[in-house]
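Undergrad: I'd like to ask some things about the structure below.
Readers should treat all values here as calculations from the given coordinates under stated rules, not as data from a laboratory. Treat the numbers as computed from the prediction; the structure is a model and nothing was measured. Cβ sites come from the backbone with ideal geometry, for glycine too, and all protein chains shown count toward neighbours.
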Amino acid sequence: MSGGALQRLRGLLDRHVVGHDSAKQALLLALLSREHVYLEGPPGTAKTRMAELVAGGSGLSFFFYQLHRDTRMAELVGDVVLERRPLDEGDGERIAQRIEPGGVLSCEVCVLDDISRAPGEALNVLLRVLNERRFGERELPLMTAIATGNPVSDEYYNEPLDPAHLDRFALQLRVDSLLQADPPEAARALLERFASGEVREQPEVEPVLSRAELASLQQAVGEVEVPGRVKDSLLEILRSLVADYGCDDPAALLTDRSFLVKAVKLLRGRALLAGRRTVEPEDLAVLHWMTRFRVPEAAHEALPELIGKTLGKRR
């Protein structure tokens with residue numbers, strides 16, 4: 001099932017968005033593993049469009065919100081309703097407020113656009129919701145949150161996400177303009193598509209993946225075998241990041257939750273995306289999508305070589 005169902009969703013992404021293969025793969029992996037993903041890149045790089053396609057193509061309920069400096073909690077979680085309630089001790093009444101659930105509380109996939117622009121009040125609410133998938137006593141249907149942000153620079157008037165918020169996103173990628181991509185064929189393909197008049201508007205997206213298929217795939221993730229050699233390699237790579245690349249600083253965000261728990265889910269998900277029921281050493285490449293904004297740039301760039309060396313020792 002994994003091949004056909006997921007390939008249909010990948011095909012939908014490819015029909016509507018040129019290039020950005022890593023981001024597409026990461027979005028599928030996030031949905032499959034029920035994890036959150038953060039995409040950072042300049043405006044106009046299809047970040048939001050890809051998120052919308054994943055939600056629409058999987059037939060899931062979808063919430064989109066463009067965060068801004070004045071974002072308030074109620075804009076994310078639903079309407080604040082004032083109601084009169086009688087006093088328990090006798091005559092009279094009091095005015096109370098409650099949340100009529102909506103937004104993040106009622107969707108299965110949410111897109112939080114420009115997340116770093118939101119004020120602390122809104123981000124603190126999101127921190128709890130994304131981590132616990134609960135709001136008070138209410139369990140949420142939320143499967144995957146897809147947050148987008150512009151690069152941290154004066155040009156975009158952006159500030160970096162607080163580490164505690166950033167750590168809620170298991171997958172973290174930088175999405176570059178196709179003009180900066182290598183190879184350059186993708187930029188040419190996008191130019192040709194619009195120059196030919198092939199694309200006139202963005203049509204509504206029909207689901208290509210049934211809920212039953214998605215539920216079966218998500219269950220199958222937990223059944224993928226993780227061999228001992230892969231576990232040993234994972235631990236060796238993480239220890240090397242700490243000991244050899246200075247990632248012992250708490251700001252590096254090599255947390256147990258992400259790299260000893262969520263990393264296993266992502267390894268299993270990557271194997272399933274490849275049509276396998278056993279994690280192979282090559283699946284450790286998913287770590288490169290976890291460390292982009294968690295570790296110093298030098299450590300992140302050295303990771304592929306570090307993975308290669310570790311695997312070479314075990315062959």
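Undergrad: With the crude spin-label approximation of a point 7 Å out along Cα→Cβ, what separation in nm comes out for Glu89 versus Leu260?
TA: Modelled inter-label distance: 5.0 nm.
Undergrad: Considering only DSSP beta bridges whose two residues both sit in the range 36-136, what percent are antiparallel, to the nearest 5?
TA: 65 percent
Undergrad: Pairs Lys24/Lys265; Lys24/Lys262; Lys24/Lys309; Lys24/Lys313: which exceed 25 Å Cα-Cα?
TA: Result: Lys24/Lys309; Lys24/Lys313 exceed 25 Å.
Undergrad: Can you list residues from other chains, or at least 5 along the same chain, whose modelled amide H is less than 5 Å from the amide H of Val111?
TA: For Val111, whose amide H was placed from the backbone, the distant partners under 5 Å are Phe63, Phe64, Tyr65, Ile146.
Undergrad: Right, something else. I need to check one value: relative contact order of the range 188-315, counting alpha carbon pairs closer than 8 Å and at least 6 residues apart, in percent.
TA: Relative contact order here is 29 percent.
Undergrad: I want to verify a result. In a Gaussian network model of the chain, Cα cutoff 10 Å, which of these has the top mean-square fluctuation: Ala46, Ala195, Ala74?
TA: So, out of Ala46, Ala195, Ala74, the one fluctuating most is Ala195.
Undergrad: Anything in the chain that counts as a DSSP H helix reaching 24 Å or more along its axis (C-alpha) with Kyte-Doolittle mean of at least -0.5? List them, would you?
TA: Correct list, ordered by number: 297-313.
Undergrad: Here's something else I'd like to know. Sequence gap at least 6, Cα distance under 8 Å: using those rules, report the relative contact order of the chain to the nearest whole percent.
TA: So the answer I get is 23 percent.
Undergrad: Something else: Anyone know which of Leu29, Leu179, Leu127 comes out most mobile in the 10 Å Cα GNM of the chain?
TA: Leu179
Undergrad: Would you mind getting me the FRET efficiency between Glu192 and Glu297? Use the beta-carbon distance for r and R0 = 30 Å, nearest 0.05.
TA: About 0.30, to the nearest 0.05.
Undergrad: Please label the shape of the chain as rounded, prolate or oblate, based on the square roots a ≥ b ≥ c of the eigenvalues of the alpha-carbon gyration tensor (a/c under 1.5 means rounded; beyond that, a/b larger than b/c means prolate, else oblate).
TA: prolate
Undergrad: Pick from Glu297, Glu137, Glu52 the residue whose mean-square fluctuation is largest in a GNM of the chain, springs joining Cα atoms under 10 Å.
TA: Glu137
Undergrad: What is the magnitude of the charge dipole of the chain about its Cα centre, with +1 placed on the Cβ of each Lys and Arg, -1 on the Cβ of each Asp and Glu, and no other charges, expressed in debye to the nearest 20?
TA: Charge dipole, the chain, about its Cα centre: 1100 debye, nearest 20.
Undergrad: According to the Cα gyration tensor, what semi-axes, each the square root of 5 times an eigenvalue, does the equivalent ellipsoid of the range 197-311 have, listed from largest to smallest in whole Å?
TA: They are 31, 20, 13 Å, listed largest first.
Undergrad: How big is the Kirkwood radius of the range 230-282, worked out from every pair of different alpha carbons and given in Å to one decimal?
TA: Answer for the range 230-282: a Kirkwood hydrodynamic radius of 12.0 Å.
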